[in-house]
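What follows is one structure encoded as structure tokens, with my remarks underneath.
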Amino acid sequence: MSKLTEAESARLHPETLALSHGFDPWLSEGAVKPPVFLTSTFAFKCAADGKRFFAWAHGEGTPPPRREQGLIYSRINNPNLEILEDRVAAWEGMKDAYSFSSGMAAIATTLLATHRPGDEMIVCAPVYGGTDSLIHHFLKSFGIAAHFVPAGVHAPARAEPLITARTRSIFIESPANPNNRLTDIGRMKELALHHAPAAPGAVTGRILVIVDNTMAGPVFAQPAKVGADIVLYSATKFIGGHSDVVGGIALANDPVLLAALAQHRALLGGMPNPYTAWLLTRSLETLKIRAEQQQRNAQHVAVFLASHPKVRQVCYLGLLAPADPEYAIYRKQHTGPGSLISFYIRGGEPEAFAFLDHLKVFKLAVSLGSTESLAQHPAAMTHSGLTPDDRCSSGITEDLVRLSIGIENHEDLIWDLRQALDQGEPGRAVPA
């Protein structure tokens, strides 16, 4: 057992807890690091234990704390999943978490667990292309309607007239993907609390504020602290951080929501395998170091891009000034700007593609938050499934490029961006 008392653990920082929280070495032959529990099923000491564990899994009686409920089957619980979930919850300062096989599995399971046919949701656009398709098409086919409003300072004012007795949730991705627009989560929570409780049949008697925090956190933003009821992640990104694993996370504080997430994950089968959970747990140990180095690099890169004549606009939280409308939201919701940069290149798709094709250090690939720097074209790639009108209203135009800044030397990244931007300019040679 841990030598730390509960009070002592509570005072420790997440980066410290990420190295040991939720794991007792003496339950695993004294191993300093958790082993991989590659088993589908777990043995019961006696038949009565099996009966009791299944009753608890079905929500019967008064179960003990989750980690004491007994292991049954890896679709329901597994030590590797539980260790990962404990440590992510510590990062967010939330009660508990559930891990999933992908970010989309986390999002889809969460929305199915909290919405019913006939419900409505308000969505701050843009969101990740997969999320947009899920809401626009899959959920719509099940009778769940969505009203989209542009992310940003005016989102609460535009959302309020759309709230009805059927509204179950307000879905926010902050910063928005890929334009980095910020929506005031606290103000949205005020709207959710101000309006009438959701109609009968809701999982909870209130409108839920659901936040996808993939782009910012958990190092630089903890949405639950400003009003989020559920926080979602594609753990593939910063949490995994090495472009070698796919996973997702959903966190909540409300026991009713946590129970709904657990039941739907078990029914839909969207949990990660033990080795995936082990890899994500490994990566959590270096999350803060990686994220802070990526942020330092991104600040240098953003300043360079903002000064380049071939760049007409840079969207990066680190360039917000006190006079900018979203600056107050940034100060309230973030402890740092992170490492995602979007910028508009002068021209259109041909110029954007030429820039991308001439990069030498940056990888031309989607995803984000990994150790290597990535560059992609949202309109033609991650957000190509949006309608032309939706792309236009979200600023996802043919001249937009999104960068995910890695841990390389920032001078090398700037050199690469400069040579790719300068290619094709009359009288300028591309450096070898």
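Summary table
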read-out	value
Options Ser234, Ser243, Ser307: the member that is without any contact (Cβ under 8 Å) to a residue 24 or more places away in the chain and either crowded, with 24+ Cβ neighbours inside 10 Å or of a type in the set (Ser, Thr, Tyr) (or both)	Ser307
Residue in region 365-387 that is free of Cβ contacts under 8 Å to residues at least 24 places away in the same chain, more than 30 Å from Val226 (Cα to Cα), touching an Asp or Glu at 6+ places or on another chain (Cβ under 8 Å) and not assigned by TED's automatic domain parsing to the domain that holds Met188 present	no
Residue list for region 261-278, filter: buried (at least 22 other Cβ atoms within 10 Å of the Cβ), of a type in the set (A, V, I, L, M, F, W, C) and in a helix (DSSP H, G or I)	Leu261, Ala277, Trp278
Extreme residue, surrounded by the most Cβ atoms within 10 Å (Cβ to Cβ), among residues of region 167-190 that are of a type in the set (Lys, Arg) and closer than 13 Å to Val153 by Cβ	Arg181
Residue that is farthest from Gln299 (Cα to Cα), among those in region 326-379 that are within 19 Å of the chain's Cα centre (by Cα) and β-branched (Val, Ile, Thr)	Val366
Residues (aromatic (Phe, Trp, Tyr) and over 18 Å from Leu111 (Cα atoms)) located in region 123-167	none
Where a residue in region 10-37 is of a type in the set (D, E, K, R) and its partner, wherever it lies, is not in a loop (DSSP other than H, G, I, E, B), with Cβ under 6 Å and at least six apart	Glu15/Lys288
Selected residue (criterion: farthest from Tyr275 (Cα to Cα)) from residues of region 97-107 that are touching a helix residue (DSSP H, G or I) at 6+ places or on another chain (Cβ under 7 Å) and crowded, with 22+ Cβ neighbours inside 10 Å	Ile107
Residue match in region 389-402 (condition: at pLDDT 95 or above, of a type in the set (A, V, I, L, M, F, W, C) and within 25 Å of the chain's Cα centre (by Cα))	yes
First in region 284-296 and within 18 Å of Asp244 (Cβ to Cβ), second anywhere and of a type in the set (S, T, N, Q), Cβ under 7 Å, 6 or more apart	Arg290/Thr371; Gln294/Ser339
Scope region 403-419; condition within 14 Å of Leu359 (Cα to Cα) and within 21 Å of the chain's Cα centre (by Cα); matching residues	Leu403, Ser404, Ile405
Those residues of region 19-36 which are more than 26 Å from Pro218 (Cα to Cα) and either exposed (fewer than 14 other Cβ atoms within 10 Å of the Cβ) or not assigned by TED's automatic domain parsing to the domain that holds Pro274 (or both), in sequence order	Trp26, Leu27, Glu29, Gly30, Ala31
Thr131 being without any contact (Cβ under 8 Å) to a residue 60 or more places away in the chain and among the hydroxyl-bearing types (Ser, Thr, Tyr)	no
Members of region 323-344 that are of a type in the set (A, V, I, L, M) and surrounded by fewer than 23 Cβ atoms within 10 Å (Cβ to Cβ)	Ala323, Ala328
Residue in region 113-124 that is under 15 Å from Asn213 (Cα atoms), at pLDDT 95 or above and assigned by TED's automatic domain parsing to the domain that holds Pro25 present	yes
Of all residues in region 1-18 being loosely packed, with under 13 Cβ neighbours inside 10 Å and in a loop (DSSP other than H, G, I, E, B), the one that is modelled with the lowest pLDDT	Met1
Verdict on Phe138 being in contact (Cβ under 8 Å) with a residue 12 or more places away in the chain and buried (at least 17 other Cβ atoms within 10 Å of the Cβ)	no
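The values are calculated or read from the model by the stated rules, or taken from the named source; none is laboratory data. The model shown is predicted, which means the values in this text are computed figures rather than measured ones. Because the Cβ atoms are built from the backbone with ideal geometry, glycine has one as well, and the counts that use them run over all protein chains shown.
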